[in-house]
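The values are calculated or read from the model by the stated rules, or taken from the named source; none is laboratory data. This structure is a prediction, so every number in the text was calculated from the model and none was measured. A quick note on method: Cβ atoms are made from the backbone with ideal geometry, for glycine too, and the neighbour counts reach across all protein chains shown. Ligands, DNA and RNA are stripped out before the accessible areas are found, and what is left, the full protein with its side chains, is counted by its heavy atoms. Shrake-Rupley method; radii C 1.70, N 1.55, O 1.52, S 1.80 Å.
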Amino acid sequence: MPATAGEKKEDSGKAAKRAARKGKAKDEAISVNHSNASRGSQQKASEEHANPWKWSHLADPQVSKQPPVFTKDGKYFFVAVSSTVKIYSTTTGKVVSTLTSHSRAPNGQSDRITCLKINPQNTFQLFTGSADGMLRTWDFLDAVLLRTIDVGYPISHLCAHHEMESHIFVVCQKPNKKKSKDEGTHASVITRVCLKTTNSTLGAKIQKSTELLTVGKVRDSIGIGISASAKWLIVAGGNKIHVASMQDLKAGFTKFVSPEKLTCFALHPSEDWLATGDETGQIRLWYCLKDDMSFERAGEDKTAPTTTLHWHAHAVQAIEFTPNGAYLLSGGEESVLVIWQLHTGRKEFVPRVGAPIHTISVCDTGDGIREQEYLLGLSDGSLAFIRSSTLKLSRTIARVRLERSHLQARSAPPLVMQTNSRQLILPSSHPSSIQFYSPLTASLNGELEVSPSNRISRPFQKRLNPLRVDLIAVSDDGKWLATVDMRDGSNEGMGLEVFLKIWMWDTTEKTWDLNTRIDRPHGNNKVHSLAFSPTRDGTEPLLASGGGDANVKTWNPKQQTEKGSESQVHWAARTSFSYRNQQPNQVIWSPDGSILAVSHGCFVTLWSVSTNALNLLFTATEIHNFARLAFVGRNGRHLCATGGRGIAVFDLIRGQTVYVTRTRLPILGLVSWQGKNEFAVIHESTIAESSSPPSTFFTIFTPTSSEPSSKRSVPFRIRQAIAWQNPESTAGELPGIVAITHEGSIVHVGDHPIEYKEEGDSTLAIDPFANNSNQPALFQDIFGKSAILDFSSTTKESPNATSLTMGQDIDWTLLDGPSHLLPSLHSLFPPLIQSMLQSISSKHPNRDETTDEDAMIVDVSGPTESAIPSDEGRPVPTSEINALVSLFQDSTFTTTRPMTDQPPPTNSRHSPVNGKSKTNGLPMLNGGALYGKPLTSEVRSPIMNGPVSPKKLKGAPNGRPPSPPPRAPSPTIGKKRKKAMMA
């Protein structure tokens with residue numbers, strides 16, 4: 001029906017109202033935009049006054065998906081860590097050098113290294129590709145960057161072959177202008193890069209290649225490689241295998257379809273076929289590389305004959321062939337390494353390697369000297385070595401690794417520092433574990449599994465939500481550790497699970513032992529804060545906790561003694577109190593441990609620990625919710641409280657508010673230093689600009705002035721921060737801050753960096769021809785400096801030179817160890833002989849050292865006038881020595897076996913055993929004759945050339961002193977040997 005005039009009038013009135021509302025909304029939007037713009041200009045103006053604060057990386061927990069690459073001799077291997085390449089020693093597992101380009105990405109992209117490859121033409125060079133599109137060539141022996149080629153797009157994978165001298169293939173991640181149906185897919189471009197650079201860029205830091213040939217495009221590429229015969233280029237991506245002929249790259253790829261999405265692939269080292277792993281846990285061996293494939297039409301999807309191997313219940317994360325091609329290694333989420341024997345189909349397992357397997361590398365030099373080893377890259381960032389002979393874990397290289405859920409959670413990850421050792425305690429690679437990291441030594445000291453959990457779930461089922469460690473507290477003396485792990489199982493019908501666990505340090509075993517577990521310490525509510533009181537005069541500390549039940553509880557250790565057993569210590573609740581039913585946000589102790597400060601919404605209360613009475617109450621109308629507290633000053637006289645954008649400072653002695661001020665930026669953290677009169681407020685920039693990276697700002701205040709003393713900034717976002725306590729810092733300097741960034745890195749921010757030197761942190765040259773005997777081995781790295789060999793000298797000695805002195809004291813308990821760890825014999829012999837002999841000069845210090853060099857000391861039993869030197873050190877005359885030499889020549893050297901070709905006669909009483917004429921290693925003697933023959937009067941002398949002419953001595957018949965016939969020594973025969981001879 002047509003509308004009436006009244007209806008039209010009404011419609012026109014409604015339209016006018018709608019137009020008015022639109023105009024008003026537009027005006028409001030314009031005013032909001034103007035206010036936001038003015039606020040942004042004010043923030044930007046305040047940010048410009050902030051000075052950059054020095055910062056340094058303590059640990060980068062990002063785990064590279066690129067497997068480690070070994071050198072040809074197997075002595076070293078390369079690991080990509082963020083924008084650097086760490087060179088590890090295979091024997092010691094320590095970093096020996098670091099390759100870094102010292103240049104940030106010019107196009108604003110990340111310079112993270114994504115792929116590594118040894119140059120097949122020069123095994124002392126390394127190719128690296130990074131996310132900033134740079135292809136770099138390194139000489140890792142001299143630690144020199146040789147060439148940098150700009151490809152133009154981020155590089156994800158690369159490959160090279162020894163038959164291709166001047167070309168390399170890379171996979172570039174090209175931005176996709178069109179929106180794909182599948183949001184998770186990414187377009188990759190396969191490009192052949194010529195390593196020869198243009199003349200115009202020759203000598204520049206960043207050079208251009210003379211040729212960039214595009215081969216084709218791939219979706220979600222997972223790897224690239226060249227077949228063993230160098231006939232085929234293979235790229236795996238999505239659920240397809242893309243194969244191109246090396247002789248005709250312009251023809252494009254031939255695609256072979258897999259029934260499941262591929263997760264990893266590897267090429268056979270000597271034959272033209274490959275293996276892939278998919279997300280269902282199946283491994284397929286593809287026989288699609290054939291010579292007649294070049295005549296097929298490229299671009300069409302085809303199927304290929306395959307062989308299937310299946311054991312994994314989850315997706316296969318990594319596969320790798322052994323160098324001889326007889327075995328295939330695979331690993332995944334099950335934390336089990338599977339070794340497949342390809343010609344029989346049999347498999348062996350290495351279970352419980354520590355974490356899910358992400359990468360697999362094989363160390364095999366092929367010389368038969370070094371044993372083949374498998375290097376596993378685990379999901380927690382650690383590297384595990386598996387010996388191929390025993391299939392057992394030989395050693396592990398641990399690294400700091402943060403679990404992704406802690407970085408994505410709403411609450412900040414826990415981070416505390418043990419005061420005495422300055423050791424950091426933070427979450428680990430699993431939500432229910434924590435790790436201990438020492439910034440002073442740059443080492444991971446250990447890991448503690450707070451809540452045992454099943455880290456492997458059933459396939460095709462929803463993963464169970466594990467317990468997560470949300471709070472950590474440690475006592476000053478390092479004896480007690482408290483953790484709170486929680487899990488919200490409301491979606492699973494289980495409710496909230498909260499556990500307070502108190503751990504005690506075992507000084508004997510050097511481990512944390514669970515002492516007390518308290519279920520639901522604050523009922524069916526979360527625990528928001530946890531803190532130990534300072535320890536004084538050897539007394540046990542107290543533990544304070546604040547929960548969602550609006551109560552603050554203190555806990556203390558108690559001793560319990562049972563009959564016939566030793567006393568045991570456990571923790572129990574001491575007191576419980578609340579204020580106006582307000583939920584406590586944070587609890588902290590005063591420096592002397594006598595006062596407990598609690599923030600309850602808009603109130604700050606101070607409680608006496610001894611009487612459990614409320615001493616002081618502070619509030620500020622400008623701040624509606626106090627979130628953070630910190631004691632400031634040498635004795636903790638002032639208390640600082642922050643919330644929202646407000647800062648309040650209270651004087652505890654006067655019981656007054658010193659000042660209340662507001663900041664332009666929201667407050668994310670509060671940090672104070674022990675014994676310092678300054679505190680830092682942490683802000684995060686709210687201005688989102690593509691030209692400038694996200695930043696974090698620090699405003700330094702004093703408790704007596706509301707004007708900031710300084711402003712600092714760092715070019716990254718901080719997730720959690722604590723004060724770095726350094727008792728050696730002077731009064732005018734701040735020790736700095738230790739923080740966890742949004743990317744999971746651990747950084748130190750401050751004017752003076754932490755004084756530590758990680759071994760291999762700098763760029764150092766490597767000597768590939770260095771003698772392994774002169775390098776520190778695993779024995780020295782485990783047990784310290786050797787007491788026999790000195791590796792500190794950098795000069796190369798000759799092989800015959802020994803580093804031992806004759807008077808050196810040796811710890812001979814080293815001989816009790818395994819034989820393969822003993823030093824060389826030429827190093828042990830001189831000190832061993834020296835320890836058994838005593839020099840004449842030390843025995844007779846008054847003796848004249850100018851004696852004849854031919855003088856000899858002979859022990860002769862006889863009258864008092866003997867040839868032995870007296871205690872006064874009588875020198876032996878030369879005439880006496882000559883007479884003794886003649887005596888020994890006539891009586892001893894003439895008892896050698898006559899030179900005759902006839903074999904010795906066999907004695908029936910002492911017949912040789914097994915054709916040998918020795919019994920227990922002793923020759924048969926018969927009446928002073930060897931082998932049953934009498935001694936001859938004329939034999940060849942071993943000293944003089946010719947027969948020995950006997951000399952007559954005075955007082956001796958026939959010119960020869962009488963001597964009794966030699967007697968045969970009686971050999972010692974064991975019981976078993978004796979029975980055998982008697983039989």
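Going down the list LYS117/LYS255; LYS261/LYS347; LYS526/LYS553; LYS174/LYS217; LYS86/LYS196, which pairs span over 18 Å between their C-alpha atoms?
LYS117/LYS255; LYS261/LYS347; LYS86/LYS196
Using a basic spin-label model with each label point 7 Å from the Cα along Cα→Cβ, how many nm lie between LYS65 and ASN882?
9.2
Sorting CYS602, CYS194 by accessible area (1.4 Å probe), largest first, what list results?
Final ranking, largest accessible area leading: CYS602, CYS194.
Kindly report the accessible area of the range 403-520 per residue (heavy atoms of protein chains, probe 1.4 Å, no ligands, DNA or RNA), in Å².
49
Please give the charge dipole size of the range 403-520, origin at the Cα centre, charges +1 on K and R Cβ atoms and -1 on D and E Cβ atoms. Round to the nearest 20 debye.
So the magnitude is around 440 debye.
Considering only the other residues whose Cβ falls under 13 Å of the Cβ of ARG410, what net charge follows from Lys and Arg at +1 and Asp and Glu at -1?
Surrounding charge for ARG410 is +1.
Leaving out ligands, DNA and RNA, what percent of the accessible area of the range 260-353 is carbon and sulfur, probe 1.4 Å?
45
Can you classify the range 403-520 as rounded, prolate or oblate using the Cα gyration tensor, where a ≥ b ≥ c are the square roots of its eigenvalues, rounded means a/c under 1.5, and otherwise it's prolate if a/b beats b/c and oblate if not?
In terms of gyration-tensor shape, prolate.
Show me the trypsin sites (Lys or Arg not before Pro) within the range 543-611 that DSSP assigns to loop and that have at most 12 other Cβ atoms within 10 Å of their Cβ.
Those satisfying the criteria are LYS563, ARG580.
Where the accessible area of the range 403-520 is counted over protein heavy atoms with a 1.4 Å probe, how much of it, in %, is carbon and sulfur?
Solvent-exposed carbon and sulfur of the range 403-520 make up 47 percent of the total.
Can you give the accessible area of TRP55 in Å² (nearest 10), computed on protein heavy atoms with a 1.4 Å probe?
Its accessible surface works out to 90 Å², give or take rounding.
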